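Colleague: My structure is below; once you've seen it, I'll send some questions.
Here, each number is a calculation from the coordinates, and none is a lab measurement. All of these numbers come straight from a predicted model, not from anything done at the bench. Backbone-built Cβ (ideal geometry, glycine too); neighbour counts: all protein chains shown.
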Amino acid sequence: MSCPLPPEILDLVVDHLHDKPTMLKTCCVISKSWIQRTRRHLFAGVEFDNSESEIELWKKAFPDPSNSPAHHTRSLLVHGALAADADVGNWISAFHNVEHLLLSYMDRNSLFPFYGLSSAIRSLRLIIVPLDVDLICSFPLLEDLALVPSPMEDEDGWKVPLTSPKLTGTLDLEMYGRSSALTRRLLVLPGGLRFSKIIVMFPGKDAKSVTDLVSRCSDTLEFLTLDLHPQGAFLQPLRLASTSPPFTHVDASEVPSLDLSKASKLKYLEFLLTVPSVQWITTTLRSVESKNLQFIRINSFDNIREPVMEPFGQEWQDLDRLLVQFWASHSVRPRVEYIVEEGGKDLGGRAPSLLPELTRRGLIDLVQSI
């Protein structure tokens, strides 16, 4: 079907529908001349979700990798180990313009075809995969890195790469199992670490590794989120059963102190806690010397189910005074949030005595869990 409109106008119409896949598919039916433009959007994001049938359907639809729409893909997700067939490298290599890559639940052999896949990759997420810094270093423009390493991985036989990406964006790291080995590998990369944002979930015993990461990025770090959790625990569910026992209070003396004195550009500091560790927060805050700090946020579950006794109660008082001091002396906006269980009201009555100054100034939020 011919169309009197100039091709440039038609391209603008298709581009306007970039986030409406049903309408884009309709455009493909209307005219063959629209297919190429619609493919840019239909295949901008591709996911293979732990199913060999999905991969087989892709290979059947596009048997010639050189003519497949994979070159339009900017975001690629592959979940699960790949079959060890002869052409696996061919069809994966067709995704050579990918900018955002997510690989999850893979063995080491499944990672090999992705080495150097695209020189345009700026964001890489590796979820439950082997510790593979060589894969990370195969992407020269990589900025953002998210890692949930496999807890069961052999650490032997690794050598420091000759070059590494700049890593100037976000590091999102969940530390447990042998992830401290991954931290050590990141710290010795020849290109250095220049992350401006770090989000890290870690048990208390790994606080030293976190301090080393923060120190290495001290010249560039602006945003820091710290999620301290019990040793051996994974992410706690947002909604806690009413019959579940209270979490054990973390003794700050058992957690190495976190030194933020060198993070001179720090603007945003956030604590996400599945257990109350008030003294550790206070010690960490006292190490902050950044004149750029603008916001402090503390987010914790309502897991204070027993009467607050000394010295725990005194720890809250110390934190209360310190946060008010930050506000008064540096114009830093503190915010304390508690996620309370459905129907939970105890903390609402206890907060004024725990944090009286912050309560008086309206800086405490009680957030109902869903």
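Colleague: Under a 5 Å amide H to amide H cut-off, with H placed in plane at 1.01 Å, what residues pair with Arg125 once short-range neighbours are removed?
Modeller: Under 5 Å from the amide H of Arg125: Leu101, Leu102, Leu103, Ala146.
Colleague: Ranked by Cβ crowding within 10 angstrom, fewest neighbours first, how are Val278, Val332, Val188 ordered? Provide the component values of the computation, followed by the final result.
Modeller: Numbers: Val278 25, Val332 20, Val188 12.
Starting with the residue having the fewest Cβ neighbours, the order is Val188, Val332, Val278.
Colleague: Here is a further query. What is the Cα coordinate range of the range 55-123 on the first, second and third principal axes, sorted by size from largest, in whole angstrom?
Modeller: For the range 55-123, the Cα spread along each principal axis is 26, 25, 16 Å.
Colleague: Report, in listed order, any pair from Lys197/Lys291; Lys197/Lys265; Lys205/Lys265 with a Cα-Cα distance greater than 22 Å.
Modeller: The answer is Lys205/Lys265.
Colleague: Can you put His72, His229, His96 in order of Cβ neighbours within 10 angstrom, beginning with the fewest? Don't jump to the answer; show the numbers that get you there.
Modeller: Numbers: His72 18, His229 23, His96 15.
Ascending Cβ contact count within 10 Å gives the list His96, His72, His229.
Colleague: Now for a separate question. Any idea how far apart Asn292 and Phe112 come out in nm if each label point goes 7 Å out from Cα toward Cβ?
Modeller: 4.4
Colleague: Give the long-range amide H neighbours of Ser138: residues separated by 5 or more places, or on another chain, with amide H under 5 Å away, using H modelled in the peptide plane at 1.01 Å from N.
Modeller: The answer is Gly116.
Colleague: Across the range 105-117, in residue order, what do the Karplus-derived ³J(HN,Hα) couplings come to in whole Hz, using 6.51 cos²θ - 1.76 cosθ + 1.60 with θ = phi - 60° and x for Gly and Pro?
Modeller: Going residue by residue, I get 6, 10, 8, 5, 4, 6, 7, 3, x, 8, 4, x, 3 Hz, with x marking Gly and Pro.
Colleague: Listing Ser218, Ser75 from the residue with the fewest other Cβ atoms within 10 Å to the one with the most, what is the order?
Modeller: With the sparsest Cβ surroundings first, the list reads Ser75, Ser218.
Colleague: Sequence-distant or interchain residues sharing an amide H contact under 5 Å with Arg335, placed H: which?
Modeller: It is Ile296, Arg297, Ile298, by chain and number.
Colleague: A further question on this structure: Arranged from highest to lowest average of other beta-carbon atoms within 10 Å per residue, in what order do the peptides 286-296, 207-217, 189-199 appear?
Modeller: Ranked by mean Cβ neighbours within 10 Å, highest first: 207-217, 189-199, 286-296.
Colleague: Would you mind classifying the range 93-143 by shape? Square roots of the alpha carbon gyration tensor eigenvalues, ordered a ≥ b ≥ c; an a/c under 1.5 is rounded, otherwise it is prolate if a/b is larger than b/c and oblate if not.
Modeller: prolate
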